Amino acid sequence: MNKRPLLIPQGTSSYFANNLADVQRVTMRRCLRTLQQSTDPAKLVFSHVTALQLLGVPVPALARLSTKELHVSATSAGQRPRPTLVYPHVWTHGDTPFPLFEGTTCATPVTAWAQMSRYLNLNQLVTVADSMMCGNADLAWLAPEDFKDYLDTHRWFQGRSKCLRALTLMEAKTDSPQETYLRLYLQASGITPLLVNPVVRGWNKTWKVDLVHPPSRCIFEYDGRFHNSDSQQWARDPEKRQDLEHADWRVFNITSQMLSVPEKKNELTSSIMATIVERMSSTLNR
């Protein structure tokens, strides 16, 4: 597991990291209040979605698990605290609880990921894993081998088969959950291989991009809220695209709306596939 400070720095230039830092600190205050009110605080090992929030890991939209309650786990039903302050779970497949602050403990990052496998779909589970291995040193907890080691050690738990499938789709050093969703969408559409966050040569400069399909020289960039809130990034994007396309790259700038609205997603898929077929056919005919 990576050695990084527990607290995510606040006030950075990253909207994404600042938002995670805010959620982390709010969750810590809630957990401390709960510990102070509990008659047996030693039993409160925070887990599941609460552990993700305490560790500063982005949480996907949840349909089956509430974030309004604090979640804790025990190793047997008899050890569970009374469900007056928290939502209690039984989890017998965890590592030693992770020490946090002022006597607070939570599930380790990889245990929290495994615990969530019951409540997340496959793409969401992959996205949480990617976030735990992301390229931001202030946010990353794990390396790919940590997930494999956990699954090799813990062979019987509900959700393990989904975790094994997720293991084949994970990528380290990603930038954001949205970019992971974009990669999974492209892969599900049959667009492989994909390079994650490579540096490519434009006409005048080199640029870091989100995803590249090398056979067709297509680049896929996720344009999220950060691009709209960062004026320097917003001004640089047109220059980047023009320079890359002048060097015979085809750049797709993709927004959340394109991926969430079915009609727009279908149009996007058709456009991407037609472009890839055309470009690869042109390459073969040269």
Give me the extension gain from ASN2 to ALA61: residue separation times 0.36 nm, minus the current Cα-Cα distance, reported in nm with one decimal. 18.6 nm
Contour minus end-to-end for GLU102 and ALA188, with contour as 0.36 nm per residue of separation and end-to-end as the Cα-Cα distance? 26.5 nm
If you count the DSSP beta bridges with both ends in the stretch 15-167, what percent of them are antiparallel, to the nearest 5? 40 percent
Within 15 Å, Cβ to Cβ, of VAL196, how many net charges do the neighbouring residues add up to if Lys/Arg are +1 and Asp/Glu are -1? -3
If r is the Cβ-Cβ distance from SER282 to ASN19 and R0 is 41 Å, what FRET efficiency results, to the nearest 0.05? 0.45
Rounded to the nearest 0.05, what FRET efficiency do LEU122 and SER271 have when you use their Cβ-Cβ distance and R0 = 25 Å? 0.45
Do you know the relative contact order of the chain, to the nearest whole percent, from alpha carbon pairs under 8 angstrom that are 6+ apart? 13 percent
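Out of the stretch 244-286, which GluC sites (Glu not before Pro) are coil in DSSP terms and have no more than 15 other C-beta atoms within 10 Å?
none
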Among DSSP beta bridges lying fully in the stretch 177-285, give the percent that are antiparallel, nearest 5. 60 percent
Total Lys pairs in the chain closer than 16 Å by alpha-carbon, pairs eight or more apart in sequence or interchain only? 5
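Percentage of Cα-Cα pair distances in the stretch 15-167 greater than 26 Å, rounded to whole percent? Display every interim value, and only then the final one.
Working: 2382 of 11628 pairs.
Of all Cα-Cα pairs in the stretch 15-167, 20 percent lie more than 26 Å apart.
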Which FRET efficiency value, to the nearest 0.05, is calculated for ARG33 and GLN158 with the Förster distance at 22 angstrom and r the Cβ-Cβ distance? 0.10
Of all DSSP beta bridges in the chain, antiparallel share, percent nearest 5: 50 percent
Once you charge only the Cβ atoms, +1 for Lys and Arg and -1 for Asp and Glu, what is the size of the charge dipole of the stretch 177-285 about its Cα centre, to the nearest 20 debye? 200 debye
PRE zone check, label point 7 Å out along Cα-to-Cβ of VAL90, amide N under 17 Å, scope the stretch 148-174, hits 156-159
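Only the coordinates and a few stated rules stand behind these numbers; no lab work does. Keep in mind that this is a model prediction, so the values were computed, not measured. When we count neighbours, we look across all protein chains shown, and the Cβ atoms used for this are built from the backbone with ideal geometry, even at glycine.
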